[in-house]
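Quick notes on the structure that follows.
Every read-out reported here was derived from the displayed coordinates using simple, explicitly stated rules and does not represent laboratory data. As the structure is a computational prediction, the values presented were derived from the model and not from experiment. All Cβ positions, even for glycine, are placed from backbone atoms using ideal geometry, and neighbour counts span all protein chains on display.
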Protein chains: 2
Amino acid sequence: MLGYMNNEALEKTKKSGYVTFFSRSRQKLWTKGEKSGHHLRVREIRVDCDYDAVLVQVDLHGLGCCHMGYKSCFFRKLTPSGVEVFLQREFDPSDVYGEDNPENQT
Amino acid sequence: MLGYMNNEALEKTKKSGYVTFFSRSRQKLWTKGEKSGHHLRVREIRVDCDYDAVLVQVDLHGLGCCHMGYKSCFFRKLTPSGVEVFLQREFDPSDVYGEDNPENQT
């Protein structure tokens, strides 16, 4: 998944060992899995050449990372004939998130 | 590497088979490797759940993807004692980019 971290989110990620982002729409920290229970346990944090992006290697603790029920948010690929789903669904989002606002599907 | 694509960049990437970004600072398309010769050949383009990010699987044609001389821009990791470089340098950036402005180190 791709998400935004500010310094505070990165510090919390490092300290807790679980991936935490900063929501720019809600202006608050959110830890992946706080609603779903599907956490991302940090294995390694890599930093890019201009220090404005991190690549976090993780172990998924839970059924799926994506709020739409897949292991990865990148569950579709582009093909010459259009967009194709190539992963299987691991869970039904309504079982996990109920009728929550999509912004709270963490 | 992490870069920004607009629709035009994505279309060019799909059509040409080589990764092309859109530079927001220069307001123009740029194809990775146009200066260095180190191109990224597309294998697969994956799209995320909310359709605002793509993950492009590539083969690197050339010595390194990073303008600082490494295979990946993510050549550093965070450790308890600080930042550690864990990849070896594949080329000397001055051999490839000369005295170019960093913005032209493509």
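A few remarks follow.
- Restricted to the stretch B:32-53, and to residues there that are of a type in the set (A, V, I, L, M) and at the interface with another protein chain (Cβ under 8 Å from one of its Cβ atoms), the residue that is farthest from A:E84 (Cα to Cα) is B:A53.
- Flag if A:D50 is closer than 23 Å to B:R46 by Cα and either more than 15 Å from the chain's Cα centre (by Cα) or surrounded by fewer than 19 Cβ atoms within 10 Å (Cβ to Cβ) (or both): no
- Positions within the stretch B:8-30 being touching a helix residue (DSSP H, G or I) at 6+ places or on another chain (Cβ under 9 Å) and of a type in the set (D, E, K, R), in sequence order: B:R26
- Each residue in the stretch A:31-51 was checked for being in a loop (DSSP other than H, G, I, E, B) and in contact with a helix residue (DSSP H, G or I) (Cβ under 9 Å, 6 or more places away or on another chain), and 5 pass.
- Top-ranked residue of the stretch A:30-47 - restricted to ones that are surrounded by fewer than 17 Cβ atoms within 10 Å (Cβ to Cβ) and of a type outside the set (K, R), ranked as farthest from the chain's Cα centre (by Cα): A:E44
- The stretch B:13-29, subset under 16 Å from A:L78 (Cβ atoms) and charged (D, E, K, R), residue surrounded by the fewest Cβ atoms within 10 Å (Cβ to Cβ): B:K15
- Filtered by the rule that a residue be surrounded by fewer than 17 Cβ atoms within 10 Å (Cβ to Cβ), within 16 Å of the chain's Cα centre (by Cα) and free of Cβ contacts under 8 Å to residues at least 40 places away in the same chain, the stretch B:92-105 gives a lone residue, B:P102.
- Residue match in the stretch A:85-101 (condition: farther than 19 Å from B:C49 by Cβ and either of a type outside the set (K, R) or assigned to a helix (DSSP H, G or I) (or both)): no
- Those residues of the stretch B:4-22 which are under 12 Å from the mean Cα position of the chain (by Cα) and in contact (Cβ under 8 Å) with a residue 24 or more places away in the chain, in sequence order: B:M5, B:Y18, B:V19
- On inspection, A:G69 does not qualify as out of contact with any helix residue (DSSP H, G or I) (no Cβ under 7 Å at 6 or more places or on another chain) and part of a loop (DSSP other than H, G, I, E, B).
- Leading residue by the ranking (nearest to B:V47 (Cα to Cα)) among those in the stretch A:69-84 that are surrounded by fewer than 19 Cβ atoms within 10 Å (Cβ to Cβ) and facing another protein chain (nearest Cβ under 7 Å): A:K77
- Selection status of A:L10, in a helix (DSSP H, G or I) and either buried (at least 16 other Cβ atoms within 10 Å of the Cβ) or of a type outside the set (D, E) (or both): yes
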